[in-house]
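The values are calculated or read from the model by the stated rules, or taken from the named source; none is laboratory data. As the structure is a computational prediction, the values presented were derived from the model and not from experiment. Glycine also receives a Cβ, built like all others from the backbone with ideal geometry; neighbour counts cover every protein chain displayed. Keep in mind that these areas ignore ligands, DNA and RNA; they rest on the heavy atoms of the full protein, side chains included. Shrake-Rupley method; radii C 1.70, N 1.55, O 1.52, S 1.80 Å.
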Amino acid sequence: MYTSTVLSVLAVVSLATARPNAIRAPLPFPNGIGWDIVLQSKNLTLQELKDAPGPVIDIDLWDNYDRVSGRNNISELAKTKQVICYFSAGSREDWRPDAGEFNPEDYGKEMPEWDGENWLDIKSTNVRRIMTDRIKRAVEAGCHAVDPDNVDGYDEDHQDGYNYEPEDYAEYVNFLAQVAHENNLAVGLKNSLAIIDQVIDNVDFAVNEQCHEFDECDVYVPFTDAQKAVFSIEYLVKNCSQVEGVQLSEVFKTLDLNTTGGQC
Ligand SMILES: *[C@@H]1O[C@H](CO)[C@@H](O)[C@H](O)[C@H]1NC(C)=O
Ligand SMILES: *[C@@H]1O[C@H](CO)[C@@H](O)[C@H](O)[C@H]1NC(C)=O
Ligand SMILES: *[C@@H]1O[C@H](CO)[C@@H](O)[C@H](O)[C@H]1NC(C)=O
Ligand SMILES: *[C@@H]1O[C@H](CO)[C@@H](O)[C@H](O)[C@H]1NC(C)=O
């Protein structure tokens, strides 16, 4: 017993020191820094991703690092870019390798526009354990930051079906931020405008969709004041205007997010 405990402790220690990010502090994402986002990259070559405009790229955590084969596009990109790794923190996507770890009571209402995706119970300890594992996977892959999506289930009159309030999601985002920082990763706030004041001190940047379209970019003044980047995506109209008091890092994309480019 004693021997095996010592051995497993040693194994854990050597794994930890092998992690590329173990001693690296989170990088800052200053106001206006250039970026690109490609969440479906399967039709692109690694070189095309490397050639994406700007020093920052936001890509899918799952599709770009394969633990079994060791193939890792993230660590390749991280040689020349700040890599933000995207995962869904507020939904279960039934095709992800860890989808089987969610208990049936962890997820509920389907997302109408996204096949195979259901809102999660953000208060479930099992859900939080899975998200902690995803953040550790991001460290292992060599990501600099994480972009946890779907943290606005309170919106549209409780679209998650759980009746959770903005405060509940703010607490969840602050939990994710704490775990990310403990693991030396930066972390962003995705959309979720109503909770900015409650999380701004704990997140390192924002990622927004369609703030020009909905005329709400001005809500990001606190991020710009705090010298934290606001990464913004428009889908319908290429709107490159800047809003007073807010410095946006803007891209114009198709909803598929399957190509590089489109910077303002
Ligand atoms: C990849 O290309 C095929 C053929 O053009 C297309 O049908 C598919 O939607 C593309 N996949 C992605 C993720 O863009
Ligand atoms: C991106 O997705 C669209 C719609 O599915 C498809 O028509 C297009 O070919 C895709 N682009 C690439 C580079 O795969
Ligand atoms: C890495 O990128 C290549 C080229 O785009 C792609 O074929 C591969 O599926 C990606 N994923 C991993 C885990 O290497
Ligand atoms: C572009 O964005 C600005 C600021 O967000 C907004 O006031 C304006 O209406 C937008 N223009 C178009 C054509 O959508």
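For the reader, a short list of remarks on this structure follows.
- Relative contact order %, the chain, counting alpha carbon pairs below 8 Å whose residues are six or more apart: 21 percent
- Note, ³J(HN,Hα) from phi for region 242-253, Karplus 6.51, -1.76, 1.60, rounded to Hz, x at Gly and Pro: 9, 10, 4, x, 10, 9, 9, 9, 9, 9, 10, 9
- Under the Karplus curve 6.51 cos²θ - 1.76 cosθ + 1.60, θ = phi - 60°, whole-Hz ³J(HN,Hα) for region 53-58, x wherever Gly or Pro sits: x, x, x, 10, 9, 10
- With both residues required to sit in the chain, DSSP beta bridges show an antiparallel share near 20%.
- Carbon and sulfur %, accessible surface of region 169-264 computed with the full protein complex present, 1.4 Å: 46 percent
- Cα-based helix-to-principal-axis angle, 2-18 vs the chain, degrees rounded to 10: 30 degrees
- Taking only the Cα atoms of the chain, the ratio Rg/Rh comes out at 0.96, with Rh defined as the Kirkwood radius.
- Our summary gives region 146-261 a relative contact order of 19 percent, counting only alpha carbon pairs under 8 angstrom and 6 or more residues apart.
- About its Cα centre, the chain has a charge dipole of approximately 1700 debye under the convention of +1 per Lys or Arg Cβ and -1 per Asp or Glu Cβ, with nothing else charged.
- Less than 5 angstrom separates the built amide H of CYS240 from none of the residues sequence-distant by 5 or more or on a different chain.
- Working note: 222 nm ellipticity from helices only, DSSP H runs with n ≥ 4, each -39,500 (n - 2.57), summed and divided by the residues of the chain, gives -8000 deg cm²/dmol to the nearest 500.
- Distance from the Cα centroid of region 141-157 to that of region 43-66 is 18 Å (rounded to whole angstrom).
- Inter-probe distance in nm under a simple model that places probes 7 Å from Cα toward Cβ, at GLU171 and THR259: 4.5 nm
- Protection-proxy order for peptides 144-153, 73-82, 157-166, 130-139, each taking the mean of Cβ atoms within 10 Å per residue, highest first: 144-153, 130-139, 73-82, 157-166
- Each Lys and Arg Cβ is given +1 and each Asp and Glu Cβ -1; about its Cα centre, region 126-243 then shows a dipole of about 740 debye.
- Under Karplus coefficients 6.51, -1.76 and 1.60, residue-wise ³J(HN,Hα) of region 224-237 in Hz, glycine/proline x: 5, 4, 8, 6, 10, 4, 10, 7, 10, 10, 10, 10, 8, 10
- The H on the amide N of VAL187, modeled in the peptide plane, is under 5 Å from the matching H of VAL146, ASP204, PHE205, each at least 5 residues off or on a different chain.
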